[in-house]
Amino acid sequence: MTNLDGVFRREWGPTVAALARWSGDLTVAEDAVQEACAEALRSWLRDGIPDNPGGWLTTVARNRARDRLRRESVRPGKELAAFVDEIRVRTERTDPHPVRDDELRMMFTCAHPALDRQSQLALTLRLVSGLTVAEIARALLQTESAIGQRITRAKNKIRHANIPLRVPPAELLAERTPHVLGCIYSVFTEGYWSTGGPSAIRDELCDEGVRLAGELCALMPDEREAHALAALTLLHDSRRVTRLDDDGMLVPLEEQDRRRWDRGRIARGLDRLRRAEGSTGPYLPQAVIAALHATAPSWEQTDWTTICLAYDRLVAMTGSPVVGANRALAIGFRDGAQAGLVALDDLARDPRLARSNLVATLRADLLRRAGRRDEALTWYRNALQSNGSKPGRDFLRRRIAECGG
């Protein structure tokens, strides 16, 4: 079952995107792929996973979508058959636009300016990456009901407004690119630090985030922020294999074996970083931070001064309390744990962090480093209560034990 879940996760986005392009309807596509996955669950448990599971799912889902279109249409049979065939011919014609990736096409569709920013992101994470509503809610720090309503409203708006499922013309690319960048990074982040489930890392989403960032660079070679995002994902991903020990426990950055980091990905990330020079978006300072970690000879030799400067720039750009909290931790490494705690105090009451255990976790870590283990123990326990990831909870329990709890 675990193996099947991984296959479904990997094939969900490409299959939904292909069906959406074929049918022109997001709801029809998603429902058809869900039915195909349910049929696969029965068939594959009996017969084994086929050599081409994505092709199997696409074929079955297309048949289910065609059946639904036939059932719901009031057209006579011959006219409906011609209508369905016309959909197939129209969507399978050669696309004059250079994008040939259905998922990027889907991302740009979901980035339509008629949708609000949060609905764009939630819809894309659902349709492209296959994240569940619960996973998206944790990633966006919102309730499951709010996310579910956003997704439903966004799909209805696309249908009723006849928003085309295509990449926009060149003159409209710029206004939608920030959303596409954000969605790609959210896909990668959910893989690199899973917000729920038995594993802290979901390899298929990490791979997908890196791949899509590279695809976007190929589509828009002069878009510096796309190169910055590609650099960021590559530099983070270079450490993926060292983030868990043999028992699946999280390994903090300072304890990772730097000899095992992927030097090829670091080199590619640094090349992307050079191409991103001059970008004014938020991914460049994040990529700089990742590069400083990736190239530091050791934890003790990390350039925390430059990292703090990059965080200062990022806070000024975004105003994000999550960025501010991580900046506070960096200040703690540069100036001492007490300085980090003071910086963290300024963010503790931000309502945007109310659903997150980030402040409690960082406060506990700084208190532990300051030698205040009894106080750290209290905050680690607070963080444990609101952590939805099993590996994350296991890591906090380890810290609690280290503090004498």
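Looking across segment 294-312 at every residue that is outside any loop (DSSP other than H, G, I, E, B) and open to solvent by less than 20 Å² (accessible area, probe 1.4 Å), the one that is nearest to Asp271 (Cα to Cα) is identified as Ala294.
Here's the yes/no breakdown for (1) in contact with a Lys or Arg (Cβ under 9 Å, 6 or more places away or on another chain); (2) among the aliphatic types (A, V, I, L, M); (3) within 25 Å of Leu181 (Cα to Cα):
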site	(1), (2), (3)
Asp262	yes, no, yes
Arg268	no, no, yes
Ile289	no, yes, yes
Ser298	yes, no, no
Thr302	no, no, no
Pro321	yes, no, yes
Arg327	no, no, yes
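Among the residues of segment 265-285, those identified as part of a helix (DSSP H, G or I), of a type outside the set (Lys, Arg) and open to solvent by 40 Å² or more (accessible area, probe 1.4 Å) are Ala267, Leu270, Asp271. Could you tell me whether segment 14-24 includes any residue that is over 20 Å from Asp203 (Cβ atoms), open to solvent by 20 Å² or more (accessible area, probe 1.4 Å) and not assigned by the TED database to the domain that holds Ile201? The answer is yes, given that some residue of segment 14-24 is over 20 Å from Asp203 (Cβ atoms), open to solvent by 20 Å² or more (accessible area, probe 1.4 Å) and not assigned by the TED database to the domain that holds Ile201.
Do we have Val315 as closer than 26 Å to Ala174 by Cβ and assigned to a helix (DSSP H, G or I) here? Criteria met by Val315. For segment 318-333, filtered to residues that are in a helix (DSSP H, G or I) and among the polar types (S, T, N, Q), the residue that is most open to solvent (accessible area, probe 1.4 Å) is Thr318. Tell me, yes or no, whether segment 59-67 has at least one residue that is open to solvent by less than 60 Å² (accessible area, probe 1.4 Å), under 23 Å from Val133 (Cβ atoms), outside any helix (DSSP H, G or I) and not assigned by the TED database to the domain that holds Cys110. No - not one qualifying residue is present in segment 59-67. Taken over segment 239-264, the criterion of being outside any helix (DSSP H, G or I), in contact with a helix residue (DSSP H, G or I) (Cβ under 7 Å, 6 or more places away or on another chain) and either closer than 22 Å to Arg399 by Cβ or open to solvent by 50 Å² or more (accessible area, probe 1.4 Å) (or both) is satisfied by Gly248, Met249, Leu250, Val251, Gln256, Asp257.
The values are calculated or read from the model by the stated rules, or taken from the named source; none is laboratory data. For clarity, every value in this text was computed on a predicted model and none was experimentally measured. In this analysis, Cβ positions are derived from the backbone assuming ideal geometry, glycine residues included, and neighbour counts consider all displayed protein chains. When the accessible area is computed, the model is the full protein with side chains, heavy atoms only, and any ligands, DNA or RNA have been set aside. Shrake-Rupley method; radii C 1.70, N 1.55, O 1.52, S 1.80 Å.
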